[in-house]
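I have placed the structure first, in the form of structure tokens, so that the comments after it can refer back to it.
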Amino acid sequence: MVTGLSSAIYQIAAFYTQNNIDLSNSMEQLATGKKFSTPSDDVGSYFQAQDLQAQADGWDPIISNINQWQGAMNVASSASKEISSSIDRLNQLVTLSQQSTDNSQKDAYQIEFQNITGNISKIVTSTTFNNVALLNNTTGATQGTLYLNPDTSLADTMTVDLPVAVDANAITALQNVNIGAVNPNYGAATTAISGAQTLNDTFLSDVAGVSASLNSFGNISSTIQANTLSAISDISNVNDATEIATYTSQTVQQQMASAMLAQANMLSQSVLSLFGNLGKTQG
């Protein structure tokens, strides 16, 4: 009887110990929100999550670079639209000068025309982003190369090579315009303005095209990264409802095991006491 009782106590104690370990693991998972924290917890899932995390991290510089160039295109677009507004004013000045009979007013229109032309030239030469000239790519060189995939061996890239918004020849033509009182040449003025407007419209169109491509690639990159992170969560994160139910069950089992162990120990002591008393009686 004593031997059978001892065996039962050992079994209860073993169950209590194992359940205590399981209970501690559940508490840790609920506290961290993770199913595992070291490879020993789940080797396969741990390294799968690590590999996916590395892939997700690889998209960070891709997305960052795309965002940077999206900002650059916003700057280029804004500057080009300022030039468009300035060119609209040049057209107005030509019309005003044609309609005016006041020579001093014509000369004033000429002065404003030249000031605006100077401003256009400054916008073209001074608009930069991260030390890159956006509107004055006189060499036609690539202004930027963006990798579109963390795996650079795929050579999956996009280049930015915008033209000059208003080139030197167009600026010179505007500078030579005369809409003042003496020998105005409205035909030459109209031609010069039209040439500058065509160049700037082409530039703005190219900026819009680059921006659209950047938005597309940015959305794709962000979606890939988001889904990769979601996969990591599915592998790594604890299902709170399931884990709380498990934790509750383990807590109840632990309480029962503790009570059974206490009762078994008391019964064991009673049996040993009974055998001791029996021995004294026989003696």
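The values are calculated or read from the model by the stated rules, or taken from the named source; none is laboratory data. If you're wondering where the values come from, they're calculated on a predicted model, not measured in any experiment. For neighbour counting, all protein chains shown are included, and Cβ atoms are generated from backbone atoms with ideal geometry for every residue, glycine included.
Residue-by-condition table, conditions (1) touching a Ser or Thr at 6+ places or on another chain (Cβ under 7 Å); (2) modelled with pLDDT under 95:
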{"site": "THR145", "(1), (2)": "yes, yes"}
{"site": "ASP151", "(1), (2)": "no, yes"}
{"site": "PRO163", "(1), (2)": "yes, no"}
{"site": "ALA173", "(1), (2)": "no, no"}
{"site": "ASN185", "(1), (2)": "no, no"}
{"site": "ALA189", "(1), (2)": "no, no"}
{"site": "ALA196", "(1), (2)": "no, no"}
{"site": "LEU199", "(1), (2)": "no, no"}
{"site": "VAL207", "(1), (2)": "yes, no"}
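Answer yes or no: is there a residue in region 101-119 that is surrounded by fewer than 18 Cβ atoms within 10 Å (Cβ to Cβ), in contact with a strand residue (DSSP E or B) (Cβ under 8 Å, 6 or more places away or on another chain) and among the small types (Gly, Ala, Ser). No, region 101-119 contains no residue that is surrounded by fewer than 18 Cβ atoms within 10 Å (Cβ to Cβ), in contact with a strand residue (DSSP E or B) (Cβ under 8 Å, 6 or more places away or on another chain) and among the small types (Gly, Ala, Ser). A single member of ASP51, ASP88 is at pLDDT below 95 and either in a helix (DSSP H, G or I) or of a type outside the set (A, V, I, L, M) (or both), and it is ASP51.
Let's see how each residue does on (1) within 30 Å of ASN91 (Cβ to Cβ); (2) modelled with pLDDT of 95 or more; (3) in contact with a Lys or Arg (Cβ under 7 Å, 6 or more places away or on another chain):
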site	(1), (2), (3)
VAL160	no, yes, no
THR202	yes, yes, no
SER216	no, yes, no
SER230	no, no, no
ALA257	no, no, no
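Checking the structure you have, find out if any residue of region 193-209 is within 30 Å of SER100 (Cα to Cα), out of contact with any His (no Cβ under 7 Å at 6 or more places or on another chain) and not in a helix (DSSP H, G or I).
Applying the first criterion (within 30 Å of SER100 (Cα to Cα)) to region 193-209 yields 193-201.
With out of contact with any His (no Cβ under 7 Å at 6 or more places or on another chain) added as a condition, the list becomes 193-201.
Okay, now just the ones that are also not in a helix (DSSP H, G or I), so none.
Scanning region 193-209, I find no residue that is within 30 Å of SER100 (Cα to Cα), out of contact with any His (no Cβ under 7 Å at 6 or more places or on another chain) and not in a helix (DSSP H, G or I), so the answer is no.
Of everything listed in (1) within 19 Å of the chain's Cα centre (by Cα); (2) touching a residue at least 12 places away in the same chain (Cβ under 8 Å); (3) surrounded by fewer than 18 Cβ atoms within 10 Å (Cβ to Cβ), the single unmet condition for LEU214 is (3). Would you pick out the residues in region 76-120 that are β-branched (Val, Ile, Thr) and closer than 14 Å to GLY180 by Cβ? Of everything in region 76-120, those that are β-branched (Val, Ile, Thr) and closer than 14 Å to GLY180 by Cβ turn out to be VAL94, THR101, ILE111, THR117. Of all residues in region 104-119, those that are basic (Lys, Arg) have Cβ atoms under 7 Å from Cβ atoms of residues that are surrounded by 20 or more Cβ atoms within 10 Å (Cβ to Cβ) and assigned to a helix (DSSP H, G or I), 6 or more apart or on another chain, in LYS106/SER97.
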